[in-house]
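The values are calculated or read from the model by the stated rules, or taken from the named source; none is laboratory data. A quick note: this is a predicted structure, and the numbers were derived from the prediction, not measured. Every residue, glycine among them, receives a Cβ derived from its backbone with ideal geometry; neighbour counts consider all protein chains shown.
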Amino acid sequence: MDTAYVPPVPSLEPVPLSREALGVLSLVDIASNPFRLLMLLLKHMNEEDGCAEISQAEMCAALGMASPSVNRAVKRLAEVKLAWGLEDGVYQLHPQLTDGKMRARIAAVPEIDSVEPAEFAARRQAKYRTQLAGLGLQQGA
């Protein structure tokens, strides 16, 4: 018997993202797991309030990720201000991704942590050098 739970898709309508939002997303430095989680949250986004209602257990099942990996991805999305938890199982996507829709109005909408292209490349290169150093390797060796 198959016990895998697959949450229902809230809507089959496309999720429109503006070219501006896509440009901002292209310059947010996140790894593949937070990116995959963001895509899942967009898939489950309620068009009326820009929230995604999905439990972390459902995220794990949908993404094939362990709970600690999902927790880190959720934390990373909050750090870069793309999505944040409102309550258990409810995640607010940034209004720039939801055509301005939000469940709860906040004093100031946080700015998404994106960088200029040159800074993005510099961050990635520094991260790569750090990883190489951790392995006892040098770039170009």
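On the phi > 0 side of the Ramachandran plot and out of contact with any helix residue (DSSP H, G or I) (no Cβ under 8 Å at 6 or more places or on another chain): does that describe G89? Please lay out each step first, then the result.
On the way: on the phi > 0 side of the Ramachandran plot: yes; out of contact with any helix residue (DSSP H, G or I) (no Cβ under 8 Å at 6 or more places or on another chain): no.
In short, no.
Being surrounded by 11 or more Cβ atoms within 10 Å (Cβ to Cβ) and not charged (D, E, K, R) is true for just one of Q138, Q92. Which residue is that? Show your work before the answer.
Working: Q138 fails: surrounded by 11 or more Cβ atoms within 10 Å (Cβ to Cβ).
The conditions single out Q92.
What tally of residues in region 47-78 results from selecting those that are among the charged types (D, E, K, R) and over 16 Å from R36 (Cβ atoms)? Lay out the reasoning, then the answer.
If we filter region 47-78 for residues that are among the charged types (D, E, K, R), which is where we start, we get 47-49, 53, 58, 72, 75-76.
Next cut, over 16 Å from R36 (Cβ atoms) only: 47-49, 53.
Residues in region 47-78 being among the charged types (D, E, K, R) and over 16 Å from R36 (Cβ atoms): 4 in total.
Which of the numbered conditions does I54 fail, given that it passes all the others? Conditions: (1) of a type outside the set (S, T, Y); (2) touching a Lys or Arg at 6+ places or on another chain (Cβ under 6 Å); (3) modelled with pLDDT of 95 or more.
Single failed check for I54: (2).
Is it fair to say A104 is more than 17 Å from the chain's Cα centre (by Cα), farther than 16 Å from V15 by Cα, part of a loop (DSSP other than H, G, I, E, B) and without any contact (Cβ under 8 Å) to a residue 40 or more places away in the chain?
For A104, the condition - more than 17 Å from the chain's Cα centre (by Cα), farther than 16 Å from V15 by Cα, part of a loop (DSSP other than H, G, I, E, B) and without any contact (Cβ under 8 Å) to a residue 40 or more places away in the chain - is met.
Look at R123 and say whether it is touching a residue at least 60 places away in the same chain (Cβ under 8 Å) and either in a loop (DSSP other than H, G, I, E, B) or among the charged types (D, E, K, R) (or both). It would help to see each step written out before you state the result.
Numbers: touching a residue at least 60 places away in the same chain (Cβ under 8 Å): yes; either in a loop (DSSP other than H, G, I, E, B) or among the charged types (D, E, K, R) (or both): yes.
So R123 passes the test.
Looking only at region 48-63, decide whether some residue is free of Cβ contacts under 8 Å to residues at least 60 places away in the same chain, in contact with a helix residue (DSSP H, G or I) (Cβ under 6 Å, 6 or more places away or on another chain) and under 23 Å from V24 (Cα atoms).
So far as region 48-63 goes, yes, one or more of its residues are free of Cβ contacts under 8 Å to residues at least 60 places away in the same chain, in contact with a helix residue (DSSP H, G or I) (Cβ under 6 Å, 6 or more places away or on another chain) and under 23 Å from V24 (Cα atoms).
Out of the residues in region 119-135 that are among the aliphatic types (A, V, I, L, M) and exposed (fewer than 11 other Cβ atoms within 10 Å of the Cβ), state the one that is farthest from the chain's Cα centre (by Cα). Explain how you work it out, then say what you get.
We begin by selecting, within region 119-135, every residue among the aliphatic types (A, V, I, L, M); these are 121-122, 126, 132-133, 135.
Those still in the list that are exposed (fewer than 11 other Cβ atoms within 10 Å of the Cβ) too: 126, 135.
Values: A126: 22, L135: 28 Å.
The selected residue is L135.
Output the helices (runs of 4 or more DSSP H) that fall wholly within region 11-66 and possess 3 or more residues being loosely packed, with under 15 Cβ neighbours inside 10 Å and not small (G, A, S), or say none.
Values: elements: 19-26, 32-43, 56-63.
Qualifying helices (runs of 4 or more DSSP H): 19-26.
For region 65-106, name all the residues that are under 25 Å from R19 (Cα atoms) and acidic (D, E).
Across region 65-106, the qualifying residues are E79, D99.
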